[in-house]
Amino acid sequence: MDIIHFDPNTMRAQGVTVDQAIESEGVVWVDVYPHDNDWQKVVEKLLGFPLHEQHVQDAQNPQHPPFYDATQDYEMLVFRALTHTTLQLGSFQAESSPIVFFISGKVLVSVHASLKTDCHIPRARWLRGLPIRAPLTAMGLLGSLLSWFTDQYLNMRVPFAQQLEHWQKQLLNPDSRFNDWTTLLKASSQLRHFRMGTVEPQEETLDAFLDETSLELDSRIEVRLKDVLEHFTRVSRDTETLQNDLENLVQIYFSATNQRTNEIIRVLTIASVIFLPLNLLAGIYGMNFENIPGAGAHFGFYEVLAGMMGITIAVLWILHWKRWL
């Protein structure tokens with residue numbers, strides 16, 4: 001567990017104890033890790049009031065969806081941060097874990113269900129002496145953290161486009177047959193689950209948080225939080241676009257396959273139409289009868305051959321006239 005105090009005069013951060021945090025002015029950020037078993041006592045001592053038991057259970061639930069709730073003393077926001085992404089060509093996987101934020105007065109508490117959502121980058125930057133962007137409030141600090149986590153979602157847009165280009169090349173390549181349907185269907189299913197199970201609920205929760213919060217919002221904080229919401233809207237839109245494009249690509253693939261099949265059937269049908277009368281003549285003159293008219297003619301072979309060529313030319317002319325060629 002890290003307890004960090006932000007000095008209101010210098011806007012800089014330093015690590016403190018819980019007793020120092022209680023006596024200090026400015027904003028206090030308590031960052032709780034999964035192995036911190038006594039975090040509830042420390043947080044309640046710092047806040048000066050108990051947390052609701054249901055909210056404590058929510059903070060310990062690694063599968064909790066995005067959620068917002070408020071009490072008389074504090075507000076709670078459950079935000080799912082990315083923990084693992086697989087965006088290799090031909091594969092899509094995005095895993096997330098909840099971070100439960102408790103906001104009250106000058107105190108911000110973040111409870112992590114997984115070490116993979118650790119805020120080590122912004123925390124280390126602030127502890128090195130980089131001042132936090134004004135205004136220095138618990139909501140301002142929350143806006144900075146949410147903005148940092150949201151950037152991880154935004155960084156997935158370029159791999160999204162690469163994914164789409166990969167599937168386009170695979171599905172629409174006329175020189176190879178696409179057989180990796182299991183991977184494609186799995187990627188489409190994971191993409192749908194990511195959008196409907198993480199991105200859209202996150203967007204709705206942030207919208208509810210902005211609309212229903214009773215905490216005082218500085219205009220700059222409100223703009224920052226609305227930017228976070230807008231970023232999630234863009235991620236949701238991009239994810240939905242990729243999912244729709246994948247489904248459209250599958251439809252285009254089947255249409256192109258049907259078109260190629262029709263072209264093959266067309267060529268075979270034309271060949272059959274041309275050779276059918278020729279086979280008929282060959283079958284007639286190939287019968288084993290003693291007396292076949294014209295069988296003994298000196299130029300009979302050449303006459304039949306010329307007749308076959310004439311029939312072929314006539315059939316080709318009719319097909320061309322009907323615009324079937």
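The values are calculated or read from the model by the stated rules, or taken from the named source; none is laboratory data. Predicted model only: the values in this text are computed from it and were never measured. For neighbour counting, all protein chains shown are included, and Cβ atoms are generated from backbone atoms with ideal geometry for every residue, glycine included. Ligands, DNA and RNA are excluded from the accessible area calculation, which covers all protein heavy atoms including side chains. Shrake-Rupley method; radii C 1.70, N 1.55, O 1.52, S 1.80 Å.
Distance between the pseudo-spin-label points of GLN162 and LEU319 (7 Å out from Cα toward the beta carbon): 4.8 nm. Label separation (HIS35 vs ILE284): 9.6 nm, computed from points 7 Å beyond Cα along the C-beta direction. Checking [x] 18.7, 61; [y] 35.8, 125; [z] 26.6, 100 against Rg and Dmax of the Cα atoms in Å calculated from these atoms, the matching label is [y]. Centroid-to-centroid, using Cα positions, the range 251-291 and the range 150-182 are 40 Å apart. When the chain is treated as a Gaussian network with alpha carbon springs shorter than 10 Å, the biggest mean-square fluctuation among GLY143, GLY26, GLY296 belongs to GLY296. Work out the length of the dipole vector of the chain about its Cα centre, built from +1 on the beta-carbon of each Lys and Arg and -1 on the beta-carbon of each Asp and Glu, and round it to the nearest 20 debye. Its charge dipole is roughly 1620 debye. Distance between the 7 Å Cα→Cβ label points at GLU23 and LEU210: 4.2 nm. Where Lys and Arg each count +1 and Asp and Glu each count -1, what net charge lies around LEU210 among other residues with Cβ under 9 Å from its Cβ? Local net charge: -3. Connecting C-alpha atoms closer than 10 Å in a GNM of the chain, tell me which of ARG260, ARG224, ARG157 has the biggest fluctuation. Answer for the Gaussian network model of the chain: ARG260.
If you rank TRP181, TRP29 by how much accessible surface each has, with a 1.4 Å probe, what is the order from largest down? Show your work: numbers first, answer last.
Numbers: TRP181 70, TRP29 0 Å².
In descending accessible area the options line up as TRP181, TRP29.
Using helices alone, what [θ] at 222 nm do you get for the chain, with -39,500 (n - 2.57) per DSSP H run of 4 or more residues, divided over all residues and rounded to the nearest 500? Don't jump to the answer; show the numbers that get you there.
Details: 10 runs with 178 residues, N = 325.
Rounded to the nearest 500, it is -18500 deg cm²/dmol.
Rg of the Cα atoms in the range 11-157, relative to 2.2 N^0.38 Å, amounts to 1.07.
Under a 1.4 angstrom probe, counting protein chains only, how are ASP31, ASP238, ASP38 ranked by accessible area, largest first?
Numbers: ASP31 0, ASP238 50, ASP38 90 Å².
Solvent-accessible surface, decreasing: ASP38, ASP238, ASP31.
Within straight-line reach of LYS45, meaning a Cα separation under 30 Å, sit the following lysines at least 8 residues removed in sequence or on another chain: LYS106, LYS116.
Measuring with a 1.4 angstrom probe and ignoring ligands and nucleic acids, GLU222 comes out at about 70 Å² accessible.
For the range 195-286, taking the reciprocal of the average inverse distance between every pair of different Cα atoms yields a Kirkwood hydrodynamic radius of 18.8 Å. Between ALA81, ALA13, ALA271, the residue with the greatest mean-square fluctuation in the GNM of the chain (Cα pairs under 10 Å linked by springs) is ALA271. The angle separating the long axis of helix 300-321 from the principal Cα axis of greatest extent in the chain is about 40 degrees.
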